[in-house]
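Novice: Can you read through this structure? Questions will come right after.
The values are calculated or read from the model by the stated rules, or taken from the named source; none is laboratory data. Note that the structure is predicted; figures quoted are calculated from it, not measured. Here the Cβ is made from the backbone with ideal geometry for all residues, glycine too, and neighbour counts use every protein chain on show. Areas reflect the complete protein model, heavy atoms only, side chains present, ligands, DNA and RNA absent. Shrake-Rupley method; radii C 1.70, N 1.55, O 1.52, S 1.80 Å.
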Amino acid sequence: MNYKYNILFICTLIISIISCSPDDDDIVSVPENDRTEQQVTDSVALVSYLNTHYYNSTEVSTLANPTTSDVVITELLDGETLPSDATLLMSTVERKTTTYKDVEYVYYILEIKKGTGATSPRFCDKVRVKYEGSLMDGTNFDESSIPVNFDLVGLIPGWGRVMPHFNVGSFTTNSDGTVSFDGYGMGVMFLPSGLGYYATYQAKIPSYSNLIFKFELLQTETADHDSDNIPTYMEAVEGDLNLYNKDTDGDLLADFIDPDDDGDGTLTKDEVHVKTYTKDTREALEAALNALTLNANQLISPIKYNTSRNNFTANLITLVDTNNNGKYNYLDPTVSNVIDEI
């Protein structure tokens with residue numbers, strides 16, 4: 001069992017150092033305030049900000065694919081009149097609530113574009129985005145004008161709450177090898193410090209800072225953190241955003257990073273049936289997968305591009321219940337056979 005604890009230590013270490021910014025350094029922890037009290041303070045500050053700032057709504061609404069730089073947020077000073085081509089943030093943002101560390105947090109989302117695609121990331125998936133992060137005083141602390149990939153599990157909690165509210169769009173590979181994105185989801189999130197870095201002080205982000213992120217959601221991919229053919233979202237307690245709360249075999253290793261979920265000595269990936277589909281183009285593979293009629297116990301893995309073979313593959317995964325007892329083999333310690341075929 002020692003290898004499991006080694007994995008746990010490594011995963012915990014990695015997750016603890018990953019944050020929204022690839023450049024975060026000089027991290028300093030300070031004594032934490034009471035979270036409930038801090039949320040009240042943060043909420044008052046966010047409401048004040050949203051009531052005193054506006055964005056260039058008319059200009060942005062004319063753009064098919066607005067970018068983070070197109071959305072300009074401006075303070076409405078005392079005595080000033082709201083411009084006719086602008087919208088006060090508080091009048092257009094969506095108010096959301098979530099529970100994190102036993103505290104109910106309030107956060108806000110400005111939806112510029114929902115996204116024309118049918119796919120939204122789950123709270124634990126991977127995303128490709130462009131983004132810009134700033135403080136409420138306008139200080140820009142991080143940004144990426146080129147697409148970057150993030151694992152939502154490793155980001156501050158706010159991102160995993162906001163991204164599922166948006167859809168991806170479509171993309172086209174150009175003749176020069178570049179990729180163009182169209183119809184992607186785009187918006188701005190306004191987060192209390194408790195869904196951000198909270199008490200942690202960083203060089204550009206003081207402790208207890210409320211955060212603002214503009215973002216373009218370009219692509220998403222279903223995550224499988226332990227490569228066991230079970231998507232991470234299926235290895236969480238239903239409705240629970242804390243992945244560490246599901247540990248089927250009680251070995252202190254959460255299912256999403258446990259290669260043997262039921263602790264029967266047979267790897268989870270060997271207790272499901274996998275059929276691989278391969279095509280020369282993504283379009284051909286997508287067509288083949290779309291033609292499949294899936295049962296309730298079947299799912300399709302993300303499409304992967306194989307550089308060495310110059311083709312695309314995806315797996316059809318079938319969850320098997322050999323005993324017909326309502327438990328799939330990978331969650332049933334009484335069944336430990338390797339699935340070769342069904």
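Novice: Take every Cα pair under 8 Å in the chain that's 6+ residues apart, average their separations, divide by the length, and report that relative contact order as a whole percent.
Specialist: Working: 661 pairs, mean separation 51.2, N = 342.
Once normalised by length, the contact order is 15 percent.
Novice: Return the single residue from VAL274, VAL162, VAL148 with maximal mean-square fluctuation; model: Gaussian network over the chain, springs between Cα atoms under 10 Å.
Specialist: Comparing VAL274, VAL162, VAL148 in a Gaussian network model of the chain, the most mobile one is VAL148.
Novice: Suppose all protein chains stay in the model; what accessible area per residue would a 1.4 Å probe give for the stretch 158-199, in Å²? Intermediate results must be reported in sequence, preceding the final value.
Specialist: Values: 1250 Å² over 42 residues.
Result: 30 Å² of accessible area for each residue.
Novice: Sticking with this one: What residue among PRO192, ASN290, PHE213 has its Cα farthest toward the positive end of the dipole of the stretch 192-334, where the charges are +1 on Lys, Arg and -1 on Asp, Glu, each on the Cβ?
Specialist: PHE213
Novice: Got a number for carbon plus sulfur as a percent of the stretch 181-278's accessible area, 1.4 Å probe? Write out the running numbers ahead of the final one.
Specialist: Numbers: 1540 of 3270 Å².
C and S fraction of accessible area: 47 percent.
Novice: Please give the peptides 135-141, 210-216 ranked by average Cβ packing (other Cβ atoms within 10 Å per residue), highest first, as a rough proxy for protection.
Specialist: Values: 135-141: 13.4, 210-216: 23.7.
Taking the mean over residues of other Cβ atoms within 10 Å, the ranking is 210-216, 135-141.
Novice: With each pseudo-label sitting 7 Å past Cα toward Cβ, what's the ASN242-GLU37 distance in nm, one decimal?
Specialist: Simple spin-label model gives 2.3 nm for this pair.
Novice: Given labels modelled 7 Å from the Cα in the Cβ direction, how far is it in nm from ALA284 to VAL47?
Specialist: The two pseudo-label positions are separated by 6.0 nm.
Novice: What residue among LEU241, LEU217, LEU299 has the largest mean-square fluctuation in a Gaussian network model of the chain, using Cα springs under 10 Å?
Specialist: LEU299
Novice: While we're looking at this one, here's another question. Ignoring ligands, DNA and RNA, what percent of the accessible area of the stretch 61-176 is carbon or sulfur (1.4 Å)?
Specialist: Values: 2630 of 5930 Å².
Accessible surface attributable to carbon and sulfur in the stretch 61-176 totals 44 percent.
Novice: Quick one: if you stick a label point 7 Å off each Cα along the C-beta vector at THR276 and ASN295, how many nm between them?
Specialist: The modelled label-to-label distance comes out at 2.3 nm.
Novice: Compute the accessible area per residue over the stretch 110-150, keeping the other protein chains in place, probe 1.4 Å, unit Å².
Specialist: 49
Novice: Which peptide among 91-100, 197-206 comes first, and what is the full order, when sorted by highest mean count of other Cβ atoms within 10 Å? Can you show the working numbers first?
Specialist: On the way: 91-100: 14.3, 197-206: 18.2.
So the order, starting with the most tightly packed, is 197-206, 91-100.
Novice: List the residues of the stretch 187-225 whose backbone N lies under 14 Å from a point placed 7 Å from the Cα of GLU104 along the Cα-to-Cβ direction.
Specialist: Nothing falls inside the zone, counting backbone N under 14 Å.
Novice: Going down the table (LYS113/LYS214; LYS126/LYS304; LYS101/LYS246; LYS96/LYS130), which pairs top 21 Å between alpha carbons? Walk me through the intermediate numbers first.
Specialist: Numbers: LYS113/LYS214 12 Å; LYS126/LYS304 14 Å; LYS101/LYS246 16 Å; LYS96/LYS130 23 Å.
Violating the 21 Å limit, Cα to Cα: LYS96/LYS130.
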